[in-house]
Amino acid sequence: MKALAKRVLLAWLSVCIAAAMAPAERAGSAANAPEQASQADSPAVRRAKEFVRLLDAGNRAELRSYAKDNFAPEFLSMPMERHLEFLSNVHDSTRGVEFHSVQEEKLNQATVLLKAKLTGEWLALLVTVEPQAPYRIAGLGLRQPKPPAGAASAKRLSEHQASEELEAYMKKLVAADLFSGTVLLAKNGTPIFKAVYGMANKDFNAPNRIDTKFNLGSMNKMFTAVAVAQLVERGKLSFDDSLSKFLPDFPDAASAQKIKIKHLLSHTAGLGGYFSRAWMESSRALYRTVDDMMKRAAADEKPLFEPGSRWQYSNTGMLVLGKVIEKASGQSYYDYVRDNIAKPAGMINTDCYELDKVNPNLAVGYEKEFTDDGAFFTNNIFDHVLRGGPQGGGYSTVEDLLRFDLALRSNKLVGAEYVKLLLSPKPELNSPRYGYGFQIDAEGQIAGHSGGFKGINSNLDMFLGTGWTAVVMSNYGGGAQPVEQKMRELVRFLVAGSESTAARPTARR
């Protein structure tokens, strides 16, 4: 379990770092303000500035020495490796930080705004201190940054300008060995940027190609949801059907009566995670079919809450839908998705491959590990699934995911009514940020899905009502997240630019 805990920590750190960083404009001399503590600083701000200096240096030995005298006892009781991983991950992704300003202060807390030296992006560090002297650090974390006035104002970009800015950004990440994979940004199906970086296999120096297949992680959930919607449209099942119609005893008879298909699609069924300790300790070769996976889930699963009462991400729920698809269609899950989604969409490089067989052009996943002697990569060959399934773990390419988006939003896979159902949040089910198998942003303007694990990170963003699509696939753990955020920023600027052009009056001769 130590290895599992470390993987969870690394994944959490990657998410925190990417989510807490925001694109920055050049903010003037304030970004280079000195970070030395002053007499006017509160204890929390003073401690924050001290820790910023540690983040900037990235020296693990210095953090160990500092923590002994300046971390509160309870915070220090956490494994030192966790503190070191936080330091190393933040420093590695930023290549050092500059203190800008105090973003927010509360009792015994300070959130300070920092700027990444590598990309110029913003991040915010929250520091909590003890209520009495010597005000040692009792907690650390990254928060959503609030860039200074003027730095966050929307630019207006042409497609050529956006492409150039994305290329320059990618060059910085790649030069720092923070990204390996493929990137695609398209308008109405036509790419304005498409690029490939890094190695598919470091052992053999085999480079990634634009058609290299990367692990999808949880992105298979989109295919599972579309398959369910197709079967609803064809009259084979209903979103309001009880699970008991297909699986009368899963996870038990009473729960199967309460759980409906719509609950499984929206992560509100009360089911758990499937990737349990028992799964981690068992042979991956045991899990090749949906039935194999269901046996593992049935052994572990217990209801966590009443269906529809709250939201909790559930790999088991999507796995169960795979079995429902098999029951309703009469086909295996894999055959159904291949025949009804991949083929109609023209997705020629997408499937759930069995990894102990020959599969050309698949990328190996890599995770960066840190020690006092530096960083090194480990692969995920013995960590992930032997074969993906309804809940995730298949493979695809950026071009195939663009084809999927085009087929879905042109109603080729399912009718317009069902596309809207899939891509709309479900607040009535306590799922305000998730539709049926698709993640939805807070404004309801972006639908898609991400996927992540050790050595896996990919994302599809469909910008609703604009025609824009952004896809990034990486065989570095956490590698896709900063690129995803950068492309979201660029699409905002592109939309602002097109609206400005459309509103511009025609010049008179």
If I325 satisfies every condition in (1) modelled with pLDDT of 95 or more; (2) among the β-branched types (V, I, T); (3) open to solvent by 30 Å² or more (accessible area, probe 1.4 Å); (4) under 29 Å from S238 (Cβ atoms) but one, which is the exception? (3)
Of all residues in the stretch 209-263, which are open to solvent by 10 Å² or more (accessible area, probe 1.4 Å) and of a type in the set (S, T, N, Q)? N215, S218, S238, S242, S244, S255, Q257
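Being in contact with a strand residue (DSSP E or B) (Cβ under 7 Å, 6 or more places away or on another chain), of a type in the set (S, T, N, Q), in contact (Cβ under 8 Å) with a residue 60 or more places away in the chain and surrounded by fewer than 24 Cβ atoms within 10 Å (Cβ to Cβ), is that true of even one residue in the stretch 442-450?
Our first condition is that a residue be in contact with a strand residue (DSSP E or B) (Cβ under 7 Å, 6 or more places away or on another chain); within the stretch 442-450, this holds for 445-450.
Now narrow it down to the ones that are of a type in the set (S, T, N, Q): 445, 450.
Now drop any that are not in contact (Cβ under 8 Å) with a residue 60 or more places away in the chain, which leaves 450.
Right, trim to surrounded by fewer than 24 Cβ atoms within 10 Å (Cβ to Cβ) and you get 450.
Yes, the conditions are met somewhere in the stretch 442-450.
Would you mind stating whether M487 is out of contact with any Phe, Trp or Tyr (no Cβ under 8 Å at 6 or more places or on another chain) and open to solvent by less than 30 Å² (accessible area, probe 1.4 Å)? Don't jump to the end; show me each part of the working.
Numbers: out of contact with any Phe, Trp or Tyr (no Cβ under 8 Å at 6 or more places or on another chain): yes; open to solvent by less than 30 Å² (accessible area, probe 1.4 Å): yes.
Answer is yes for this residue.
Mind checking which helices (runs of 4 or more DSSP H) fall wholly inside the stretch 214-283 and carry at least 3 residues that are under 30 Å from I456 (Cα atoms)?
The qualifying helices (runs of 4 or more DSSP H) are 220-233, 261-265, 277-280.
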Those residues of the stretch 59-91 which are crowded, with 19+ Cβ neighbours inside 10 Å and farther than 23 Å from A133 by Cβ, in sequence order: R60, E85, F86, L87, S88, N89, V90, H91
If L386 satisfies every condition in (1) open to solvent by less than 40 Å² (accessible area, probe 1.4 Å); (2) of a type in the set (A, V, I, L, M, F, W, C); (3) part of a helix (DSSP H, G or I) but one, which is the exception? (3)
Members of the stretch 167-207 that are over 30 Å from S410 (Cβ atoms), surrounded by 14 or more Cβ atoms within 10 Å (Cβ to Cβ) and among the basic types (K, R): K172, K202
Flagged pairs (Cβ under 7 angstrom, 6 or more apart or on separate chains; first in the stretch 358-386, without any contact (Cβ under 8 Å) to a residue 40 or more places away in the chain and of a type outside the set (F, W, Y); second assigned to a loop (DSSP other than H, G, I, E, B) and crowded, with 17+ Cβ neighbours inside 10 Å) are I381/V364
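The values are calculated or read from the model by the stated rules, or taken from the named source; none is laboratory data. Worth saying up front: this structure is predicted, and the values here are computed from it rather than measured. Please note: Cβ atoms are built from the backbone with ideal geometry, for glycine as well, and neighbour counts cover all protein chains shown. Quick note on the areas: whole protein, heavy atoms, side chains included, nothing else; ligands and nucleic acids left out. Shrake-Rupley method; radii C 1.70, N 1.55, O 1.52, S 1.80 Å.
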